[in-house]
Structure formats: C-alpha cells, structure tokens
Amino acid sequence: MRTQPFRQIARELEKRIRNGVYPVDSALPSRLELTREFDVARATLDRAIGELVDSGILVSRHGSGTFVAPPRQQKYRVIQIGGGDYFNEYSDSFDLTLLPQAELVQRSEWRRLLEYDGILWVRPEAVLFPAIEAVGNQLPQVLVNRVVADLPYVSTDHRGAYREITASRLAEMPDATPVFLQSERNSLVTAYRRDGFIDACREAGRFYDLLVTPSSFEERLRMFNERLRYDPGKRLIVVGDSLVQTGTLMRWGSEHHVRWGVDLFYSDFDNDYPADVWGVTVTSYLQDHTALYQEAAAKLRRLIEGASENEPGKLVFPQFRRGDT
C-alpha cells in the first residue's frame, strides 16, 4: 500500500510550512519549480496544492499566486482504530474518526487510512500488524498499549511490572514454587505479562510452571484442583495474567482454606476491587490510563507537526497496589 503521489507532495509541503521553510504570508515556489523538484505532472501538483488550500494551510490569491496562510484553526484529522472515545478528553487538537478494528481486517480497506493526518491504534492485536506495517512511515501513527520495535508506541510496561513482582517474591521465598496462569485467548498484552514472569524466573535460576487455563469457570476450577498443589506450610507463588483468573482462584482458595499471604502469594493486573468483593485485597498492578492516553495523544501531535524522535516508544509503569495476597 502506497500513498498517492499528490498526498505525498501535500504532506511534504505542509511539513515545510510547519518547519518554517515557507513562512506565513510567503509565496509558494512556482508551479514549474515544484513540478520539476517532485518530478510529477502539473495536474498532480495542482491536486496537492488544492488539498492544502481546501484545508486552510495555503491561500490562493488571484493574479498573485499561492501563499502560506496564517496558522489554521481546524483540528488535525486523526483516525482512531479500536477503543472508545478516550482521546476526546486528552487532546483538543484532534478531529477524531473512530473505526472498529474489524473493519480493517481486509487489505482493501487499508488505503482509507492514508486520507488522515495521523492514526491512533488502540490495543491492536496481531491481526492488524500487517496494516500497521503497510502504513509504515507514510503517515504518523502511534500504537497504544502495544509494543512494536521501530514504531512509535506508548504502552503500560506490562512485562516490566510482572518481572518486578515475580522477582520480588522469588527473592523473599527461595523455597516457593512459582506458577503462571495464562489465558487461552490470543492476547498480546497477556503475552507481555507472561514474558515478564519468565524473565524473573530465569534470572533467578528458578524452575516454574505455566498453566494455560480453559475459558470456562468450571473447567478452570477443575484444572486448579488437579494442577495447583496447595499444602499448608509449603509456600506457592501464583501470578495470574488477568482478572479472568482471579475469580476462579478465589473460589479454589476458599474450598482449600488457603492462607493468603502466608502459604499462597497471588498477584494479578487491573484489580482495584475492595476487600468485600473477594474477601481479601488482591495484590495487583493498576494501569495509569490518564498518563497513557495523554502521552499517546501528545506523541501523535508531535509527529504530525514534524518532530523527529530518536526513541520510538515509551513505557508507562503501572501503580503497584500491595494487598493481602
């Protein structure tokens, strides 16, 4: 997928205007000069300039030429793939169009992305990565809560958080058995958390168990009864990849009369429920969604305005909540 030539020219001219190459009220170089520079037909150049005139970036003065207009008041046209209306709260400079991820599964739909000033990918899964790679550097884009090397992203540090809690507990309990509860669903974010758990175990030179859990409550409970060996006096470290695991584990714990924080130490993610929900306050990490979305919106705006960043991604460490487990 490639940007149409007139759009490439329009973006290059807009970038020059933002960087002060063509100051406000200055005349654009002649059509002949620009067609030679970009090696395109006059019609292609006229279409690019017409797009910038329509958007208020350039102004055409009859008999005088085309000039750089004062800074435009209109918002940047940004398409947000997935998620809700989060970014309306964090940036007043975007005119947002929301599009469900399912509408971009077909390759034929990708070209529509190039009609915008920038893209926000909210929690994209692997099925959308070909579209993200196809856009590449043709258009400013930022991934939210996903990490892809060499692409701009702003994500919660899921891997770092799970490495931290697992390493901390392994250090405190060298005799405990570490177990990771992994959901069946194909989610990149739970894979980041699993990798953080494995990082900590390998760094500590500890053996570990990975339980890939079924999707239904009853089947998960049956698996826990078969695979989780709980013996009072022999400590167990259990790390769940999401809240999907927590409810089942709490049920299992009540049936086995588990002594939370004594013989079994459990942690999960995004669990801010009070003690009256589970009977205990669960040790968990809580994402800072405000910081996440503010930084993603700010990063995309910087990229649209022509900023070049040496570091393509940023990780936001979640808040740790020490509980009874």
Reported set for the stretch 46-63 where residues are touching a residue at least 12 places away in the same chain (Cβ under 8 Å) and more than 36 Å from the chain's Cα centre (by Cα) is D46
Spans of strands (runs of 3 or more DSSP E) in the stretch 166-281 with at least 3 residues of a type outside the set (A, V, I, L, M, F, W, C) = 177-183, 264-269
Flag for V212 being closer than 23 Å to H256 by Cβ, touching a residue at least 24 places away in the same chain (Cβ under 8 Å) and not basic (K, R) = yes
From the set of residues in the stretch 103-133 that are of a type in the set (G, A, S) and closer than 20 Å to L188 by Cα, which is modelled with the highest pLDDT?
-> A131
For the stretch 165-208, how many residues are surrounded by 13 or more Cβ atoms within 10 Å (Cβ to Cβ), closer than 21 Å to V282 by Cα and either not assigned by TED's automatic domain parsing to the domain that holds L236 or not hydrophobic (A, V, I, L, M, F, W, C) (or both)?
-> 12
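Suppose we keep only residues that are part of a loop (DSSP other than H, G, I, E, B), out of contact with any helix residue (DSSP H, G or I) (no Cβ under 8 Å at 6 or more places or on another chain) and of a type outside the set (A, V, I, L, M) within the stretch 115-164. Which one would you say is farthest from D268 (Cα to Cα)? Don't jump to the end; show me each part of the working.
Filtering the stretch 115-164 down to residues part of a loop (DSSP other than H, G, I, E, B) leaves 116-117, 123-125, 139-140, 145-152, 157.
Subset that is out of contact with any helix residue (DSSP H, G or I) (no Cβ under 8 Å at 6 or more places or on another chain): 116, 149-150, 157.
Next, from what is left, pick out any that are of a type outside the set (A, V, I, L, M): 116, 150, 157.
Values: Y116: 38, D150: 29, D157: 14 Å.
Among those residues, the one meeting the criterion is Y116.
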Given (1) surrounded by fewer than 18 Cβ atoms within 10 Å (Cβ to Cβ); (2) touching a Lys or Arg at 6+ places or on another chain (Cβ under 7 Å); (3) among the polar types (S, T, N, Q), N225 misses just (2)
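Looking only at residues in the stretch 283-325 that are within 19 Å of the chain's Cα centre (by Cα) and in a loop (DSSP other than H, G, I, E, B), which one is modelled with the lowest pLDDT?
Of everything passing the filter in the stretch 283-325, E309 is modelled with the lowest pLDDT.
Return the total of residues in the stretch 16-57 being of a type outside the set (K, R), part of a helix (DSSP H, G or I) and either more than 21 Å from R77 (Cβ to Cβ) or modelled with pLDDT of 90 or more (or both).
Start the filter on the stretch 16-57 by keeping residues that are of a type outside the set (K, R), which leaves 17, 19-30, 32-35, 37-41, 43-46, 48-57.
Subset that is part of a helix (DSSP H, G or I): 17, 32-35, 37-38, 43-46, 48-54.
Now restrict to residues that are either more than 21 Å from R77 (Cβ to Cβ) or modelled with pLDDT of 90 or more (or both): 32-35, 37-38, 43-46.
Number of matching residues: 10.
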Just a yes or no: is a residue in the stretch 52-75 more than 30 Å from V144 (Cβ to Cβ), surrounded by fewer than 17 Cβ atoms within 10 Å (Cβ to Cβ), β-branched (V, I, T) and touching a Phe, Trp or Tyr at 6+ places or on another chain (Cβ under 9 Å)?
-> yes
Can you tell me which residue among S284, S215 is of a type in the set (S, T, Y), at negative phi and surrounded by fewer than 22 Cβ atoms within 10 Å (Cβ to Cβ)?
-> S215
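The values are calculated or read from the model by the stated rules, or taken from the named source; none is laboratory data. Owing to the predicted nature of the structure, the values given are computational and were not obtained by experimental measurement. When we count neighbours, we look across all protein chains shown, and the Cβ atoms used for this are built from the backbone with ideal geometry, even at glycine.
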